[in-house]
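The values are calculated or read from the model by the stated rules, or taken from the named source; none is laboratory data. Values in this document were obtained by computation on a predicted structure and should not be read as measured data. In this analysis, Cβ positions are derived from the backbone assuming ideal geometry, glycine residues included, and neighbour counts consider all displayed protein chains.
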Ligand code: NDP
């Protein structure tokens, strides 16, 4: 089978389209024919070696496709599924842990099914777990027109929160407003002050910061006393070590560095969040904006476009036609 393999970590050029042996599932896994693989910012951390994986490895964590073989015979061949956290998903076949799989209605667009879980469940735990949004709550979301950003904006609005976002271009501003943002801002010094002007100087209840290094200081400035800063990513680079005393200075604020792994680790939690995402898509409460799809062999181009901040919403790799 063909796959995108990394022999040595580095820039997008290390993503090689090569023939590799098909994987064999263990008793806890099922083998799947991949139709669409989701492309996520976290994939760039593995590619660059910021997150460790032994080389050579096949990249990718999520996707959609049809079950080819279940060693336990529980899931019928041909069943349409989506998954998250199956390392090696940029490939024609992948082994997926049976506890990271959700059934997908046959009429779901594969581009949506293949990119909805990682970003959708992240938005779900941020808005319903890390800080429970509701009527009267307010939040600031960085990279508001990105994959997680657009979904989180929609979920936050559906929960009744006031949503402020930050983006880098006019096009992204437009997309963020279409997703429901109340006010969209641009990066730079003074961001916190601008946001505060819109909520009576109070500061927001929670900041969802997936940009990291470039926005972290503004995130601390913009949150209200005893509010929460959820630093959930590092698209601009990791935040350097900091003095905990800063949390005191900003009014006893809470800082967390959450992960989807930890927020789907409890019994039944993956299924609960995955089903919530599938239901939200089915009911039309959340729309996934899949703005680019690349053939599997062009994975490097997808990564270049992400780094160049050219992408909006979710992006995917087309692996095979569904028959
Ligand atoms: P996005 O689609 O949001 O892409 C990243 C965006 O970050 C860009 O489009 C860009 O938007 C913004 N950005 C700001 N500065 C930079 C920079 N220097 N270089 C590149 N991009 C920059 O990606 P995802 O939705 O996949 O992920 C968003 C963040 O969430 C990532 O940091 C990711 O690691 C994190 N994440 C964390 C999870 C967790 O559980 N902790 C799970 C899933 C994702 P703009 O141009 O508007 O600034």
- Is one or more of the residues making up the range 151-162 in contact with a strand residue (DSSP E or B) (Cβ under 6 Å, 6 or more places away or on another chain), more than 22 Å from residue 83 (Cα to Cα) and not in a helix (DSSP H, G or I)? yes
- For residue 108: the one exception among (1) out of contact with any helix residue (DSSP H, G or I) (no Cβ under 8 Å at 6 or more places or on another chain); (2) crowded, with 16+ Cβ neighbours inside 10 Å; (3) at pLDDT below 95: (1)
- Kindly indicate whether any position in the range 295-305 is in a helix (DSSP H, G or I) and within 16 Å of residue 64 (Cα to Cα). yes
- Query: Would a scan of the range 43-50 turn up a residue that is more than 19 Å from residue 298 (Cα to Cα) and either at pLDDT 95 or above or in contact with a helix residue (DSSP H, G or I) (Cβ under 6 Å, 6 or more places away or on another chain) (or both)?
  - Reply: yes
- Item | Condition check for residue 148: outside any loop (DSSP other than H, G, I, E, B), within 13 Å of the ligand (Cβ to nearest atom) and either buried (at least 24 other Cβ atoms within 10 Å of the Cβ) or within 13 Å of the chain's Cα centre (by Cα) (or both) | yes
- Message: Tally up the residues in the range 129-140 that are within 18 Å of residue 259 (Cβ to Cβ) and in contact with a helix residue (DSSP H, G or I) (Cβ under 8 Å, 6 or more places away or on another chain), please.
- Response: 2
- Task: Select from the range 266-294 the residues that are under 15 Å from the mean Cα position of the chain (by Cα) and outside any helix (DSSP H, G or I) and list them in ascending order.
- Result: 286, 287, 288, 289, 290, 291
- Query: Restricted to the range 252-269, and to residues that are in contact with a strand residue (DSSP E or B) (Cβ under 8 Å, 6 or more places away or on another chain) and touching a residue at least 40 places away in the same chain (Cβ under 8 Å), which residue is surrounded by the fewest Cβ atoms within 10 Å (Cβ to Cβ)?
  - Reply: 256
- Could you grab me the full set of residues in the range 178-217 that are closer than 19 Å to residue 248 by Cα, assigned to a helix (DSSP H, G or I) and away from the ligand (no atom under 12 Å from the Cβ)? 192, 217
- Quick one: would you say residue 166 is within 12 Å of the ligand (Cβ to nearest atom), more than 12 Å from the chain's Cα centre (by Cα), surrounded by fewer than 20 Cβ atoms within 10 Å (Cβ to Cβ) and under 22 Å from residue 216 (Cβ atoms)? no
- Note on the structure: Per the list (1) at negative phi; (2) over 15 Å from the mean Cα position of the chain (by Cα), residue check on residue 78 breaks on (1)
- Return only the number of the condition from (1) in a strand (DSSP E or B); (2) free of Cβ contacts under 8 Å to residues at least 60 places away in the same chain; (3) within 16 Å of the ligand (Cβ to nearest atom) that residue 240 does not satisfy. (1)
- Note on the structure: residue 76 passes all but one of the listed conditions (1) away from the ligand (no atom under 15 Å from the Cβ); (2) crowded, with 21+ Cβ neighbours inside 10 Å; the exception is number (2)
- Determine if the range 23-37 includes at least one residue that is within 16 Å of the ligand (Cβ to nearest atom), in contact with a strand residue (DSSP E or B) (Cβ under 9 Å, 6 or more places away or on another chain) and touching a residue at least 12 places away in the same chain (Cβ under 8 Å). yes
- Item | Filter result (crowded, with 23+ Cβ neighbours inside 10 Å and away from the ligand (no atom under 11 Å from the Cβ)) within the range 304-320 | 316, 317, 319
- Flag if residue 229 is within 16 Å of the ligand (Cβ to nearest atom), within 28 Å of residue 287 (Cα to Cα) and either within 20 Å of the chain's Cα centre (by Cα) or crowded, with 16+ Cβ neighbours inside 10 Å (or both): yes
- For residue 133, which of the numbered conditions (1) assigned to a strand (DSSP E or B); (2) under 25 Å from residue 287 (Cβ atoms) fails to hold? (1)
